[in-house]
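Asks: To start, I am sharing the structure in question, which I have written as structure tokens.
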Amino acid sequence: MRVRLLDIAHARSGDKGDIANVGLIALEDKWYPVLVRYVTRERVAEHFAKVIKGTVERFELPNLFALNFLLYGALGGGGTVTLRTDAQAKVYSSALLRLVIEVPDAEARALGLPEYRA
Amino acid sequence: MSKLVRIAAGQGFWGDWLEAPRRQVEGGPVDYLMLDYLAEVTMSILQKQKQRDPLAGYARDFITQMEGVLPAVLDDRRVRVVANAGGVNPLGCADALLETARGAAHHEKLRVGVVTGDDLLPRIDELIAAGHEMAHMETGAPLSSVRDRVLSANAYVGAAPIIEALARGANVVVTGRCTDTALILAPLMHEFQWPVNDWDRLASGIVAGHIVECGAQSTGGNCAYDWSTIPDLENIGFPIVEVAEDGSFVVTKHPGTGGRVDVHGVTEQLVYEMGDPKQYFTPDVIADFTTIKLAADGKDRVRVSNVHGTPPTDMLKISIAYRDGYKAVGTLVYAWPDALAKAKEADRIIRARLAKLGLEFELIYTEFVGATATHGPLATIPDELPEVQLRIGVRGNDRKAIERFTREIAPLVLTGPPHVTGYAGGRPKVEEVVAYWPALVDKSVIAPSVSILTT
């Protein structure tokens with residue numbers, strides 16, 4: 001089943017130098033393992049491949065049902081240097097929520113994940 | 001009931017809601033008001049202002065806002081204020097505050113604690129000569145490579161000098177650059193007399209600081225979770241932490257204010273500007289965000305507990321700002337039909353003209369606002385857009401080239417694709433680029449000092 005992150009998570013993002021951080025939080029606690037399993041470092045790196053210059057790092061916060069991603073080379077040089085509208089990575093959060101993951105049907109149904117049809 | 005310390009946050013950055021500090025002291029009982037004014041970019045702006053006027057270099061808003069707050073400081077409410085409004089001139093800030101306060105009732109009770117010692121600008125050469133490389137934390141380059149372009153240099157000082165000021169009876173503490181979180185941790189350490197090596201409780205104070213340092217971002221502002229149901233944002237309440245002696249605390253806001261405090265919103269703020277969640281570095285303690293427990297505690301209340309901390313390192317973070325060339329950004333708006341195609345053609349024309357002029361830029365960067373500006377290639381673009389804004393920027397060291405670029409936007413109105421508007425703002429402004437140089441320095445070279453001033 002195809003599942004869009006917007007439908008199972010929320011997010012907030014910010015900047016540090018040329019790095020964007022995106023905190024991704026499960027909308028329901030029981031969906032956190034889905035984020036851990038399918039929103040991998042590699043998957044996120046692939047999602048942002050044409051947007052960022054560097055690599056992606058992932059950290060787990062099981063206590064908050066959240067993942068934290070660091071996107072390197074994400075801001076065209078950083079807050080004050082960049083020519084980007086989103087100089088401080090404020091909307092990388094919703095850019096990540098565009099990601100559509102593939103979850104095995106049985107697992108998705110057991111967890112009541114909403115299917116993404118588009 | 002055991003003692004609780006209530007700390008209200010009233011500014012998340014310089015330029016935040018002007019009403020918030022006064023609302024925080026008038027909306028209900030609080031013991032402390034913390035005001036955070038300093039983003040990285042702010043320090044260099046303030047340093048430039050101070051170069052033009054030695055009396056400037058601090059957050060002027062603070063003085064205006066304190067007019068509404070001072071009654072709560074000086075009357076029986078005895079609210080104490082901790083603010084990093086001093087910027088690069090904490091003493092000048094304190095003088096301005098005292099001047100303003102002289103007209104207030106009971107002004108003789110005002111004791112302004114001033115924290116100085118974070119400003120390293122006058123000491124850079126001395127430090128480099130003494131072998132402190134202050135290498136860039138990401139690139140490893142030594143500071144000497146940009147030495148002649150440095151505008152400001154400040155160390156992120158921890159809680160200790162603020163605690164000293166409070167212990168010496170200050171009811172308003174004005175600092176220069178310190179960690180945002182120290183503005184919360186220090187009053188807690190002062191009130192509860194937490195030992196400086198009680199890592200878990202210190203880490204709790206840091207987490208409390210992290211949650212409230214961005215103002216209303218923890219009370220429903222900029223909150224993605226179910227955003228459209230967050231009530232009464234026009235009347236949003238800024239955050240308050242009610243901290244117990246064991247370090248656990250509740251995040252809340254004044255009754256009758258707008259916004260929302262819930263576990264989802266507080267979680268969003270916890271992960272904001274997060275690096276490795278196991279190691280949130282501060283000069284006072286390293287906080288671990290992976291043990292924190294959040295629990296709903298009634299309407300607009302979230303309980304935070306179980307924070308762990310470990311000892312800090314021997315290094316302090318310093319933030320250096322330096323001149324790094326110039327930039328300018330110009331915009332034009334293209335209307336339906338074919339809005340995006342026309343904006344793209346205009347972009348091509350400008351680039352071709354710039355190339356023909358032989359101008360060199362480090363970067364020419366184009367966005368199509370309404371189509372690609374926020375999510376770039378990740379966005380799906382509908383066939384028919386009602387309008388698109390062409391936003392084209394250049395950056396480089398040659399100021400003349402940047403200035404010439406600013407003359408290439410308006411001509412498109414008569415020499416490019418049709419249905420163009422939105423040029424009334426005039427020619428783009430050339431801006432100096434201020435870049436950041438994050439570095440570490442031995443803690444031992446920074447010795448903050450505290451003075452207490454009265455009217």
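Asks: On a straight-distance basis, which lysines could pair with A:Lys50 in a cross-link, Cα separation under 22 angstrom, same-chain partners fewer than 8 positions away excluded?
Replies: Answer for A:Lys50, where 22 Å is the Cα cut-off: A:Lys16, A:Lys90, B:Lys344, listed by chain and number.
Asks: B:Ala129 versus B:Ala410, label points 7 Å from Cα toward the beta carbon: distance in nm?
Replies: Rounded to a tenth, the inter-label distance reads 5.1 nm.
Asks: Taking each residue of A:79-92 in turn, how many C-beta atoms of other protein chains fall within 10 Å of its C-beta, and what is the average?
Replies: 6
Asks: Here is a follow-up. So, in nm, how far is label B:Glu360 from label A:Val51 when the simple model puts each one 7 Å beyond its Cα toward the Cβ?
Replies: 3.4 nm
Asks: Something else now. Summing Lys, Arg as +1 and Asp, Glu as -1, what charge do residues with Cβ under 13 Å from the Cβ of B:Leu74 carry, B:Leu74 excluded? Walk me through the numbers on the way to the answer.
Replies: Values: positive: B:Arg77, B:Arg78, B:Arg80, B:Arg102, B:Lys109, B:Arg111; negative: B:Glu67, B:Asp75, B:Asp76, B:Glu108.
Net local charge, B:Leu74 excluded: +2.
Asks: Grab the other residues whose beta carbon is less than 14 angstrom from that of B:Arg427, score K and R as +1, D and E as -1, and report the net.
Replies: Surrounding charge for B:Arg427 is 0.
Asks: What does the highest-first list of B:441-454, A:77-90, B:47-60 look like by mean Cβ count within 10 Å? Kindly include the intermediate steps, with their values, before the conclusion.
Replies: Details: B:441-454: 15.0, A:77-90: 20.4, B:47-60: 17.7.
Per-residue Cβ counts within 10 Å, averaged per peptide and sorted highest first, yield A:77-90, B:47-60, B:441-454.
Asks: For B:Gln11, which sequence-distant residues (separation of 5 or more, or a different chain) have an amide H within less than 5 Å of its own amide H, given hydrogens modelled in the peptide plane?
Replies: Hits under the 5 Å cutoff: B:Asp36.
Asks: Taking a cut-off of 19 Å between Cα atoms, list the aspartates and glutamates near A:Lys30, but don't count ones fewer than 8 places away on the same chain.
Replies: A:Asp7, A:Glu60, A:Glu102, A:Asp105, A:Glu107, A:Glu115, B:Asp226, B:Asp262, B:Glu268
Asks: How big is the equivalent ellipsoid of segment B:313-455 along its three axes, where each semi-axis is √(5λ) from the Cα gyration tensor, reported in whole Å from largest to smallest?
Replies: Details: eigenvalues 343, 74, 49 Å².
They are 41, 19, 16 Å, listed largest first.
Asks: Still on this structure, I have one more. Residues in segment B:173-187, backbone N under 16 Å from the label point at B:Ser449 (7 Å along the Cα-to-beta-carbon vector): list them, ranges by number please.
Replies: Residues passing the 16 Å test: B:176.
Asks: How big is the protein assembly as shown in terms of Cα radius of gyration and Dmax, in angstroms?
Replies: Rg, Dmax (Cα atoms, Å): 24.8, 77.
Asks: May I ask you to derive the FRET efficiency for B:Ile63 and B:Lys429 from their Cβ-Cβ distance with R0 = 30 Å, giving the value to the nearest 0.05? Walk me through the numbers before you get to the answer.
Replies: Values: r = 28 Å, r/R0 = 0.93.
According to the calculation, E is roughly 0.60.
Asks: So what is the relative contact order of chain B, in percent, for Cα pairs below 8 Å that sit 6 or more residues apart?
Replies: Numbers: 1027 pairs, mean separation 80.1, N = 455.
For chain B, the relative contact order is 18 percent.
Where a number appears in this text, it was derived from the coordinates with a stated rule and is not lab data. All values reported here derive from a predicted model rather than from experimental measurement. All Cβ positions, even for glycine, are placed from backbone atoms using ideal geometry, and neighbour counts span all protein chains on display.
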